[in-house]
Amino acid sequence: MQWSVISAVNDERVLKSSLLNSPGIESAAEVILQRGYPSAAAAYNAAIQKATTDLLVFVHQDVYLPEGWIDSVKKALEPLSLQDPNWGIVGVWGTLEGKHPVGCLYWTGDLGWEEPFEGAKEVESLDEVVLIFRKSSGLVFDERLPGYHLYGADLCMEAISRGKKCYAISALCIHNTNTERFLPLQFWKCYLFMRRKWKDRLPIDTPCTRITFWCWPIIRWHLVCARDVVLGRRKKLSRVENPGEIYDTLLARGVVPPARVQARASAPATGE
């Protein structure tokens, strides 16, 4: 399966320690790194034009893809393509209205996790950490969306508006991220853009917040954060130097089997 890795880059040190340190990208046909763009949408749309494969994997620069990662993706996409040939967007962490997030993702500090699962689960929106779709689908990012937030949710809404479904799959990766006490102002600007653009589709559940007409989630989120900071409950977590060590620890603990072993186990036996 030919695939391209695409990432928007603004920190060379993080890129080198995480994404470019990932054994999982070695089988990619190409790695397209986008630097100097004002928004994720602009960076990714330009990359779509450059890409020479149909399957595109948009991934954060601070993500570590373990060895055999694409085998887990392939294992999920093959039955999905039979079940829903017109699938729109696939990711590793998403949410469905009124339900808990779905996916298989490890954040620095173990902030998000679900046990590995078979196949694909339909979701309303996906986190931007990993987004997968086909160039031939004709989907593109909305360059009116400012900055680098909520473009995954926006793209999912675009896909759904075209009759395409979105799915979360079990393809474990490590998000070697910094966790802040408060979401930045740019995030809420993107929130308000989404609120205007999709006003006829509200509310919209995303992996990190719910977009509503009255913006109550913004108010509540800041009140809760302020309370937790005062009480010392909300701590800032930082990236690690080698996210591969986190994955090795998960393997040693037996939390998740290697993707390579999963792929072998699912392959049909061959004769001598």
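The values are calculated or read from the model by the stated rules, or taken from the named source; none is laboratory data. Source: prediction; values computed, not measured. Ideal geometry is used to build each Cβ from the backbone, glycine not excepted, and the neighbour counts take in all protein chains shown.
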### Query
Which is of a type outside the set (K, R), crowded, with 21+ Cβ neighbours inside 10 Å and over 20 Å from V102 (Cβ atoms), of C215, C166, C173, C190?
C190
### Members of segment 8-19 found to be under 22 Å from G152 (Cα atoms) and out of contact with any helix residue (DSSP H, G or I) (no Cβ under 6 Å at 6 or more places or on another chain), listed by number
N10, D11, V14, L15, L19
### Residues (under 30 Å from P23 (Cβ atoms), outside any strand (DSSP E or B) and either at pLDDT below 95 or not small (G, A, S) (or both)) located in segment 151-180
Y151, L155, C156, S170, A171, L172, N176, T177, N178, E180
### Query
Can you pull out the residues in segment 115-137 that are in a loop (DSSP other than H, G, I, E, B) and either in contact (Cβ under 8 Å) with a residue 24 or more places away in the chain or among the aromatic types (F, W, Y) (or both)?
P116, F117, E118, G119, E124, D127, E128, V129
### Task
Assess whether K74 counts as being within 15 Å of S170 (Cα to Cα) and among the charged types (D, E, K, R).
yes
### Message
Please go through segment 110-140 and give me each residue that is of a type outside the set (A, V, I, L, M) and farther than 29 Å from S238 by Cβ, ordered by number.
### Response
F117, E118, G119, K121, E122, E124, F133, R134, K135, S136, S137, G138
### Query
Regarding S39, is this residue surrounded by 20 or more Cβ atoms within 10 Å (Cβ to Cβ) and within 26 Å of R144 (Cβ to Cβ)?
yes
